[in-house]
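Participant: Let me give you the structure first, and then I'll get to my questions.
The values are calculated or read from the model by the stated rules, or taken from the named source; none is laboratory data. Predicted model, so just to flag it, every value in this text is computed and none were measured. Glycine also receives a Cβ, built like all others from the backbone with ideal geometry; neighbour counts cover every protein chain displayed. Side chains are part of the model used for accessible areas, which takes the heavy atoms of the whole protein and leaves out ligands, DNA and RNA. Shrake-Rupley method; radii C 1.70, N 1.55, O 1.52, S 1.80 Å.
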Amino acid sequence: MTYNKSISPFYLSLSFGVTLFFYQYALSNKAIFFLLTMLLCVYLWLEVRRLRRFHSERWLLNPVVFASLVTFFIGFGPANLLFVMPEETTLLVGLAPEVTPEMVKLMWLVWLGAMAMWLGYWSPVARKLAGAGVCYRYSKRYFATVTTLRPWSLPVVFTVSLLARLAQIRLGVFGYSSNYERLVEMGSVTMYLSLGASLAKLALVIAALQFFSADTSRSSRRWFFSLLAYEVLFGLLSGFKSQVALPFVIVGICQYLRVGKVSKQLFIFFILGLFLAYAVIEPFRNEKRKDADFQSTSIINIASTMYGAVASKGESSVSKKEVSTALSILARSSAVYDGSLGIAYADANPVLPEGSPAFLADILMAPLQALIPRIIWENKSLGNIGLWYNLVVVGKTTISAAAMGPFTYLYFAGGIVAVFIGFFTIGIIQRLFFFLTQPTRHLAGGVIFLGMFSTVGNIDSSFNGIFVSLFRELPLLLLLVLLLFSRHSHRKVG
């Protein structure tokens, strides 16, 4: 594969993009908006097809493919159909019925970010860093001799996770039940509690990889189903829909990694989990906002409030709830409207007001933010850009976070240039991460890969958080693998 061949979709997309640019004043905002949407989808399809030809092994798990689906296609593809629906339907889900110039500009940035990410993935720099010789040495040193899970590993990891989550609840910093003042007050410990709580997902990854292996044991099956139920339960209690669906996504990824396919039953459970999340969590959030006596430090109170909210909503008609749930899922997947508000704000305020996040500085300082604890660095960034965006940019008065998206974040950090450089860098990291860990060949490599998969595959609104996670969580994950697995000299695991 030559570099020139690999970027032919880039030239094709670029030619259409430039053509649209020259016609932006001849066509309506809505026409340009949907032409850019179609251009983005076609470009992603061409790049994914090219990757399937050259990197076919478990291609769906390649982080660049996953990011193309989750960050680009879901947020800025079919969800844009909302803006051709009747005006009353669009208003019903809280979106503007018209396509604004800022929405068009954001779609330009999304298109640019997609091309930059794939250019980074195919670049000579990425190919050299993830070359065969480098991958072999890295794999032999860290993964080839790590073979067997120690018997005490899952019980210890599960116990630490449970204690961390109970501590989060007791301190009032758990999920949607937490409040901003309490999070700021407990800022010196929330990071460590969050890391401890996330160990349950690591345990689920290990259990799922064992469950789908050829020699699964009865103990492995018990741990698998127990951890899956545990994660779904705490996903509901967290008040975040993504945390309910995520365990099924993790299991599906593990199954695909092991056997190369995902069962239909698991896909059905994922859909049911998604609808369960919307049916339970939305009423819970509304009830929590109305209840002045809500106790966020009691797991019993959280559970009873959730149960009461669901029971009271059950009086509504089933058909109405189904339509509302389906429309809510489509609306929640759309990222263009909220992100466009930040584009308009950045253009109107070249110099951000005092108290605004230091977008570019936070990216550059990510390694230090990852390694220096808050108890030492008192002025360390709070990572509350979602709250700032909701209050200052969106203009709401409720203490809640709004997602601006990575494109708007990078636009705040340095405009169009920052969007291109940021996603070009992500493309390099995605290729490097996939080939270095070799998740299909080594159990330990699979655990490392899946432990960081969402970080490099789902590009978050807090763009600097990607690099914070790489510098903080990746070394910890490597250390955990060395502790939880026994090592055997010169023995490879398939």
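Participant: Roughly how much of E282 is accessible, in Å² to the nearest 10, using a 1.4 Å probe?
Facilitator: So the heavy atoms of E282 present about 60 Å² to solvent.
Participant: With a cap of 11 neighbouring Cβ atoms within 10 Å, and only residues DSSP puts in a loop, list the trypsin sites (Lys or Arg not before Pro) found in the range 241-293.
Facilitator: K261
Participant: Now for a different question. Give the relative contact order (percent, whole number) for the range 356-467; include only Cα pairs under 8 Å separated by 6+ residues. Write down the numbers at each step before the final one.
Facilitator: On the way: 96 pairs, mean separation 33.8, N = 112.
It comes to 30 percent, rounded to a whole number.
Participant: Then there's this: List the residues, sorted by chain then number, that are 5 or more residues from T148 or on another chain and whose placed amide H is less than 5 Å from its amide H.
Facilitator: Hits under the 5 Å cutoff: S486.
Participant: In Å³ and rounded to a whole number, note down the convex hull volume per residue for the Cα atoms of the range 434-482. Don't jump to the answer; show the numbers that get you there.
Facilitator: Values: hull volume 3.2 nm³, N = 49.
That works out to 66 Å³ per residue.
Participant: ³J(HN,Hα) across the range 229-242 via Karplus (A = 6.51, B = -1.76, C = 1.60, θ = phi - 60°), whole Hz, x for Gly/Pro?
Facilitator: 5, 4, 5, 5, 4, 6, x, 5, 5, 5, x, 10, 4, 4
Participant: Same structure again: Once phi is turned into θ = phi - 60°, what whole-Hz ³J(HN,Hα) does the Karplus curve with 6.51, -1.76 and 1.60 give for every residue of the range 37-51, x standing for Gly and Pro?
Facilitator: 4, 5, 4, 4, 5, 5, 4, 4, 4, 5, 5, 5, 4, 5, 5
Participant: Once phi is turned into θ = phi - 60°, what whole-Hz ³J(HN,Hα) does the Karplus curve with 6.51, -1.76 and 1.60 give for every residue of the range 166-173, x standing for Gly and Pro?
Facilitator: 3J(HN,Hα) across the range 166-173, in whole Hz: 5, 5, 4, 5, 4, 8, x, 10.
Participant: Order the following by accessible area, largest value first: W152, W111. Probe radius 1.4 Å; ligands, DNA and RNA are ignored.
Facilitator: Values: W152 115, W111 20 Å².
Ranked list, largest accessible area first: W152, W111.
Participant: To continue, here is another question. Which pairs in the list K105/K264; K30/K288; K30/K128; K105/K241; K105/K290 are over 32 Å apart, alpha-carbon to alpha-carbon?
Facilitator: K105/K264; K30/K288; K30/K128; K105/K290
Participant: What's the ranking of 124-133, 416-425, 458-467 by average number of surrounding C-beta atoms within 10 Å, highest first?
Facilitator: Working: 124-133: 13.1, 416-425: 19.5, 458-467: 22.2.
Per-residue mean Cβ counts within 10 Å order the peptides as 458-467, 416-425, 124-133.
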